[in-house]
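A short write-up of the structure that comes next.
The values are calculated or read from the model by the stated rules, or taken from the named source; none is laboratory data. Values in this document were obtained by computation on a predicted structure and should not be read as measured data. We place every Cβ from the backbone using ideal geometry, glycine too, and count neighbours over all the protein chains shown. SASA here: full protein model, heavy atoms, side chains in, ligands and nucleic acids out. Shrake-Rupley method; radii C 1.70, N 1.55, O 1.52, S 1.80 Å.
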Amino acid sequence: MTCPYETVAIDPLVRDLDGETERLREAAPLARIELLGVPAWTVTRYAEARRLLVDPRLVKDLDAWGLWQSGEVTHAWPLIGMIDAGRSMFTVDGEEHRRLRTKTSQALTPRRLEAVRPAIEKFTDELLDVLAEQGAHGAVDLKAVFAQPLPMRVVGLLMGVDEALHPMLTRQYKAFFSMLTPHEERLALLAELDDFYTELVREKTAHPTDDLTSALILADEGGEPLTEEEVVGNLKAMVAAGHETTIGLVLNAVRALLAHPDQLRMVLDGEVAWEAVIEETLRWDTPTTHLLMRFATEDIQLGEQVIARGEGVVISYRAIGRDTAHHGDGAGTFDITRPMPIRHMTFGHGPHICPGAALSRVEAGIALPALFGRFPGLRLAIRDDEIRRLPVMTQNDVEAFPVLLHG
């Protein structure tokens, strides 16, 4: 696999995310990148991303990828599991995508989201009690005790997954996304997740309850019902996206506010709404860094550059969120006084826009004010530059987030 362009190598260990983001921005609107030896394009500006995300010539179909067709990329490539993830609304296009997404929309209704709000508030209060207990005499990991279990509890409740299984799912997804997980182990994890969700779907098919899994199985409007494989694929991807995104959103918001105490004081004094904190965090420090991958079914001209037929395209949401052409010269600065609405595209755009965006906003909108309401003196227990990022190429996540609850 050779690439005649100067490329930006995406670091699998994520040692300098800010530097990588800046290098991608400098190569805008399209940057040539290398993903573990595989060349691709990435779009790094808002306007061009918005255009490409609705272009029907860019598809999710793996068979449209020239490197896959030629055999240069195989299942031996460590990132293939993030692209060849089974049949779901996340991996198909056109009419099939509309059919699968319609079924999910029938199940993930605003009524269902509103109905789960009291449970989110209850989970939040319970986890804050645990946080208070564990942090009574020193540092406590905000991620492990609060930011990670909260969205897993919520998505587990929605999907009808027993809470006793949440730690297992958390470990499985963490290992799947980590670039330090051996490739054969990652493939085995995929198979185990398939088995887990297949068993869940079969159980809910036989004994449906009031949860999203049962609703997906029973959704019968708009054509043929979902197959078992399609329900499994949707669940597997939705649980991953549904908890990973919220972990990043909550921790990134806390980190940004602690690094900008003047802005934190404005929020705590009621001068700025928590909605502004959430939207500015989504723009400035996106939970998803790079979204893999779409493929060109024909040549696509973008300015002076051409995405050739068969080439892969990544969406670099973190670079897009700091696009000065769209957000102004201060795009690289966290600023909760930025005029609302903040028009970012962190949850995507077009047909494949994230179906769980509303849920993630609701969770953060409950979790953040509750956290700072209980612990207004919250501060980092280490220097900000000592926080270590997880070796994950797609999610903006950290190993741990040690805090002291009282300043």
* Asked: Of the conditions (1) on the phi < 0 side of the Ramachandran plot; (2) part of a loop (DSSP other than H, G, I, E, B); (3) not small (Gly, Ala, Ser), VAL14 fails just one. Which one is it?
  -> (1)
* Structure fact -> Cβ pairs under 7 Å, 6+ apart or interchain, first in segment 159-182 and within 17 Å of VAL201 (Cα to Cα), second buried (at least 17 other Cβ atoms within 10 Å of the Cβ) and of a type in the set (Gly, Ala, Ser), ordered by first then second residue, are GLY160/SER214; GLU163/GLY156; HIS166/GLY156
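Sort through LEU62, LEU52 and tell me the only one that's open to solvent by less than 70 Å² (accessible area, probe 1.4 Å), of a type outside the set (Gly, Ala, Ser) and out of contact with any Asp or Glu (no Cβ under 8 Å at 6 or more places or on another chain).
Answer to the selection: LEU52.
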* **Every residue from segment 125-155 that is touching a residue at least 60 places away in the same chain (Cβ under 8 Å) and within 16 Å of GLY242 (Cβ to Cβ)** => ALA147, GLN148, LEU150, PRO151, MET152, VAL154, VAL155
* Asked: Do we find that ARG112 is among the charged types (D, E, K, R) and open to solvent by 70 Å² or more (accessible area, probe 1.4 Å) in this structure?
  -> no
* First in segment 290-309 and within 26 Å of ASP11 (Cα to Cα), second anywhere and at pLDDT below 95 and of a type in the set (Ser, Thr, Tyr), Cβ under 6 Å, 6 or more apart -> HIS290/THR394
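Name the residue, out of ALA381, ALA357, ALA370, that is of a type outside the set (Ser, Thr, Tyr) and without any contact (Cβ under 8 Å) to a residue 24 or more places away in the chain.
ALA357
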* Structure fact -> Note: among ARG309, ARG343, just one is of a type outside the set (A, V, I, L, M, F, W, C) and either closer than 27 Å to LEU371 by Cα or assigned to a helix (DSSP H, G or I) (or both), namely ARG343
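Considering only segment 115-124, state which residues are open to solvent by 30 Å² or more (accessible area, probe 1.4 Å) and touching a residue at least 60 places away in the same chain (Cβ under 8 Å).
ARG117, GLU121
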* Asked: Which one of the conditions (1) open to solvent by less than 40 Å² (accessible area, probe 1.4 Å); (2) under 23 Å from SER178 (Cα atoms); (3) out of contact with any Leu (no Cβ under 8 Å at 6 or more places or on another chain) does ASP16 fail to meet, given that it meets all the rest?
  -> (1)
* Asked: Right, ALA325: on the phi < 0 side of the Ramachandran plot and either crowded, with 18+ Cβ neighbours inside 10 Å or in contact with a Pro (Cβ under 9 Å, 6 or more places away or on another chain) (or both) or not?
  -> yes
* Asked: Restricting attention to segment 93-128, which residues are under 19 Å from PHE347 (Cβ atoms) and touching a strand residue (DSSP E or B) at 6+ places or on another chain (Cβ under 9 Å)?
  -> ASP93
* Residues being assigned to a loop (DSSP other than H, G, I, E, B), open to solvent by less than 30 Å² (accessible area, probe 1.4 Å) and closer than 30 Å to ILE80 by Cα: count how many of those fall in segment 374-407. => 9
* Among the numbered conditions (1) of a type in the set (D, E, K, R); (2) modelled with pLDDT under 90; (3) open to solvent by 70 Å² or more (accessible area, probe 1.4 Å), tell me where ARG186 comes up short. => (3)
* **Whichever residue in segment 19-30 is surrounded by fewer than 20 Cβ atoms within 10 Å (Cβ to Cβ) and small (Gly, Ala, Ser) and, among such residues, is nearest to LEU390 (Cα to Cα)** => GLY19
